[in-house]
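For reference, the structure discussed in these notes is given below.
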Amino acid sequence: MKTQDFYYELPEELIAQDPLEDRSGSRLLVLDKVTGAIEHRIFNQITQYLKKGDCLVVNNTKVIPARLIGEKIREKSSTMPSEEVPGAKIELLLLKRKDNDIWETLVKPGKKARTGTKISFGNGILVGEIIEMQEDGNRLVQFKYQGIFEEILDQLGQMPLPPYITHELADKSRYQTVYAKLDGSAAAPTAGLHFTKELLTEIEGLGIRIANVTLHVGLGTFRPVKVENVLEHHMHTEFYQVTQEAADIINETKRKGCRVICVGTTSCRTIESAADEHGIVQPGSGDTSIFIYPGYQFKVLDALITNFHLPESTLMMLVSALAGREQIMSAYEEAVKERYRFFSFGDAMFLH
């Protein structure tokens with residue numbers, strides 16, 4: 001299986017740069033994974049495809065304003081006081097929280113960020129020191145500050161938008177789902193951006209249960225697959241958590257013969273990671289590096305709501321595992337022809 005098998009041509013103007021004013025007003029391409037039949041709908045018509053007894057699994061992670069721009073603190077010079085020496089601009093992206101105010105980070109430019117480098121953010125409100133350089137190029141940074149870290153981050157940080165979004169968001173909340181609850185993601189679980197509170201209330205009114213799971217989305221989501229052979233790709237790890245309540249809802253749905261429908265690939269990867277060999281979802285938490293590609297046998301998931309993904313990405317491989325590579329590539333060709341909007345702020349697909 002070659003990475004290039006998952007390539008498709010995408011005109012640049014179809015990459016959505018801004019979210020729609022109405023979250024649920026985006027378009028919805030519905031793909032029958034058995035027959036390959038395609039229908040074109042509006043997202044809020046998803047209710048027509050849901051049945052009483054189904055379960056929607058949503059990822060309640062919350063994106064933190066993880067992009068910090070600061071200045072390198074220069075060592076004192078005998079000829080010039082340190083405060084008069086301009087520091088080099090350094091950008092940090094917070095990836096994963098460790099203990100003792102230590103974070104795994106991505107640093108740009110890396111050559112100016114060696115062990116021992118100190119960086120000031122917000123004129124010293126927050127100071128980070130690089131304490132370790134990791135094999136993958138990431139850095140461990142320990143922060144010092146007065147007060148509550150989350151409040152300081154909210155004040156100084158920016159939303160870490162994907163590289164294909166070319167400008168800052170006017171409203172930070174549009175890169176959060178309406179059910180975002182637990183801080184920790186470096187990127188949004190974007191399939192969930194289409195839901196409004198009103199639509200979720202309507203769905204629950206139809207007798208469909210909602211299970212909240214958590215997977216903190218890492219930057220690996222945007223990393224391209226750089227190997228020719230798909231099986232040689234090394235997946236990033238992400239933290240996930242499944243509560244007893246969520247496991248009970250999902251397992252009960254399966255017992256009744258109803259469908260488990262994941263909202264987004266992150267919800268899918270969470271429940272597939274948490275399921276045992278019998279397809280029973282176990283409560284708990286940990287790190288997952290599950291890689292789902294064609295040939296994978298889904299243990300829990302029956303259907304998937306998802307966005308349109310980058311060519312040659314692991315997410316293209318995941319949806320191909322569910323609906324078949326040829327059907328997915330054909331559906332993407334149709335979406336391009338019909339001028340759907342692609343990627344994080346784009347339109348959605350329902351694979352059922």
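The values are calculated or read from the model by the stated rules, or taken from the named source; none is laboratory data. Not measured: the values here are computed from a predicted model. Every residue, glycine among them, receives a Cβ derived from its backbone with ideal geometry; neighbour counts consider all protein chains shown.
Structure notes:
- Residues (charged (D, E, K, R) and either surrounded by 22 or more Cβ atoms within 10 Å (Cβ to Cβ) or touching a strand residue (DSSP E or B) at 6+ places or on another chain (Cβ under 8 Å) (or both)) located in the range 255-313: Arg259, Arg269, Asp287, Lys299, Asp302
- Residue in the range 147-160 that is charged (D, E, K, R), at pLDDT 95 or above, assigned to a helix (DSSP H, G or I) and more than 20 Å from Met317 (Cα to Cα) present: no
- When we screen Thr35, Thr61, Thr105 for residues that are exposed (fewer than 15 other Cβ atoms within 10 Å of the Cβ), at pLDDT 90 or above and polar (S, T, N, Q), the only hit is Thr35.
- Of the residues making up the range 161-179, those that are surrounded by 14 or more Cβ atoms within 10 Å (Cβ to Cβ) and part of a loop (DSSP other than H, G, I, E, B) are Leu161, Pro162, Tyr164, Ile165, Leu169, Gln176, Thr177, Val178, Tyr179.
- Members of the range 10-31 found to be exposed (fewer than 15 other Cβ atoms within 10 Å of the Cβ) and more than 20 Å from Ser313 (Cα to Cα), listed by number: Asp18, Glu21, Asp22, Gly25
- Taken across the range 115-128, residues that are more than 16 Å from Arg67 (Cβ to Cβ), β-branched (Val, Ile, Thr), part of a strand (DSSP E or B) and without any contact (Cβ under 8 Å) to a residue 24 or more places away in the chain do not occur at all.
- Among the residues of the range 159-198, none is identified as closer than 13 Å to Gly264 by Cβ and outside the structural domain of His216 (by TED's automatic domain parsing).
- Selection within the range 286-301 - touching a Ser or Thr at 6+ places or on another chain (Cβ under 8 Å) and closer than 11 Å to Ile271 by Cα: Thr288, Ile290
- Any chance Ser285 is more than 13 Å from Leu56 (Cα to Cα) and under 14 Å from the mean Cα position of the chain (by Cα): no
- The single condition among (1) crowded, with 16+ Cβ neighbours inside 10 Å; (2) closer than 30 Å to Lys52 by Cα that Leu182 does not satisfy is (1).
- Strands (runs of 3 or more DSSP E) completely within the range 275-352 that count 3 or more residues being among the small types (Gly, Ala, Ser): 284-288
- Close pairs from the range 162-190: first free of Cβ contacts under 8 Å to residues at least 60 places away in the same chain, partner of a type in the set (S, T, N, Q) and surrounded by 11 or more Cβ atoms within 10 Å (Cβ to Cβ), Cβ under 8 Å, at least 6 apart: Glu168/Gln158
- Within the range 197-234, the set of residues being part of a loop (DSSP other than H, G, I, E, B) and surrounded by 16 or more Cβ atoms within 10 Å (Cβ to Cβ) comprises Ile208, His216, Val217, Gly218, Val225, His233.
- Some residue of the range 244-266 being assigned by TED's automatic domain parsing to the domain that holds Ile46, at pLDDT below 95 and in contact with a Lys or Arg (Cβ under 9 Å, 6 or more places away or on another chain): no
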